[in-house]
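Beneath this line is the structure, given in structure tokens, with notes to follow.
The values are calculated or read from the model by the stated rules, or taken from the named source; none is laboratory data. The structure displayed is predicted, hence computed values, not measured ones. Positions of Cβ are backbone-derived with ideal geometry, glycine not excepted, and every protein chain shown enters the neighbour counts.
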Ligand SMILES: NC(=O)c1ccc[n+]([C@@H]2O[C@H](COP(=O)([O-])OP(=O)(O)OC[C@H]3O[C@@H](n4cnc5c(N)ncnc54)[C@H](OP(=O)(O)O)[C@@H]3O)[C@@H](O)[C@H]2O)c1
């Protein structure tokens with residue numbers, strides 16, 4: 001018996017990193033998992049790794065037409081959704097004074113607009129008792145110089161989890177924020193590479209050892225996503241669960 005037998009899940013941004021780990025774990029636990037991403041080759045590879053319970057759909061969360069096509073497919077094939085993980089997100093290095101309009105638009109339209117419209121458009125498909133998980137970031141809880149715009153979007157995500165948990169409680173739908181600290185993924189590697197070398201005041205923070213003395217693994221975030229998606233967390237809503245090695249709490 002898997003913990004998610006018979007459930008249908010959507011994980012946005014599931015072609016690499018944390019999203020892929022969550023999709024794999026959900027499929028292992030018996031769920032049918034819709035997986036999205038913008039790059040077709042990466043998504044195809046990810047779906048192959050997830051196996052027969054993975055269904056890939058190339059789409060961009062910041063494009064409302066893409067979201068409409070995604071939810072039309074899910075409606076047609078599955079009829080509804082029990083679990084949504086709004087994971088797709090991007091970050092750029094940009095200290096105040098260097099932020100460009102283009103970087104601002106990209107970060108906010110994927111992290112914030114993308115999350116808002118993913119969940120809004122999923123709403124008619126969500127079953128009673130469905131679980132919605134939104135990916136925040138420890139950078140919203142502890143300053144990381146250079147990540148102001150990214151952190152602001154992630155602070156907004158945490159706020160949305162509270163508001164939507166209240167709005168959807170009447171339907172028995174739970175909404176929670178999942179907040180990773182430093183986790184090794186292609187996305188975090190790329191982001192860290194953008195930090196200027198040698199500027200310890202800037203570089204030290206994102207790569208500093210956590211109290212546990214290491215960075216996290218995507219499968220450790222996936223284990224918490226599984227908890228939030230399943231019945232074990234049936235009395236947990238509006239919460240924020242941290243998977244950060246203690247970095248923001250100790
Ligand atoms: N890794 C960390 O240390 C860390 C810490 C805190 C929070 N987080 C959050 O965790 C989530 C996953 O991060 P990650 O480190 O696993 O990143 P990642 O390795 O870069 O993976 C991001 C995934 O999202 C997809 N994606 C990006 N933009 C998209 C869009 N507009 N529409 C659909 N899919 C999109 C990417 O594929 P395409 O590029 O092909 O679209 C990729 O599959 C993000 O929300 C991130 O902010 C990560």
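Tabulated results
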item	result
Any hit, the range 225-234, residues being at pLDDT 90 or above, within 15 Å of the ligand (Cβ to nearest atom) and closer than 20 Å to residue 11 by Cα	yes
Members of the range 70-98 that are within 15 Å of the ligand (Cβ to nearest atom), over 30 Å from residue 145 (Cα atoms) and not in a helix (DSSP H, G or I)	84
Residues (within 13 Å of the ligand (Cβ to nearest atom) and out of contact with any helix residue (DSSP H, G or I) (no Cβ under 7 Å at 6 or more places or on another chain)) located in the range 12-33	19
Selected residue (only one of 82, 92 is surrounded by 13 or more Cβ atoms within 10 Å (Cβ to Cβ), out of contact with any helix residue (DSSP H, G or I) (no Cβ under 7 Å at 6 or more places or on another chain), touching a residue at least 40 places away in the same chain (Cβ under 8 Å) and within 23 Å of residue 178 (Cα to Cα))	82
Positions within the range 34-69 being within 10 Å of the ligand (Cβ to nearest atom), in contact (Cβ under 8 Å) with a residue 40 or more places away in the chain and either in a helix (DSSP H, G or I) or out of contact with any helix residue (DSSP H, G or I) (no Cβ under 8 Å at 6 or more places or on another chain) (or both), in sequence order	67
Count of the range 99-128 residues which are more than 19 Å from residue 178 (Cα to Cα) and assigned to a helix (DSSP H, G or I)	11
The range 132-170: number of residues that are away from the ligand (no atom under 14 Å from the Cβ) and within 12 Å of the chain's Cα centre (by Cα)	1
Residue satisfying condition, being within 9 Å of the ligand (Cβ to nearest atom) and over 18 Å from residue 221 (Cβ atoms), within set 114, 129	114
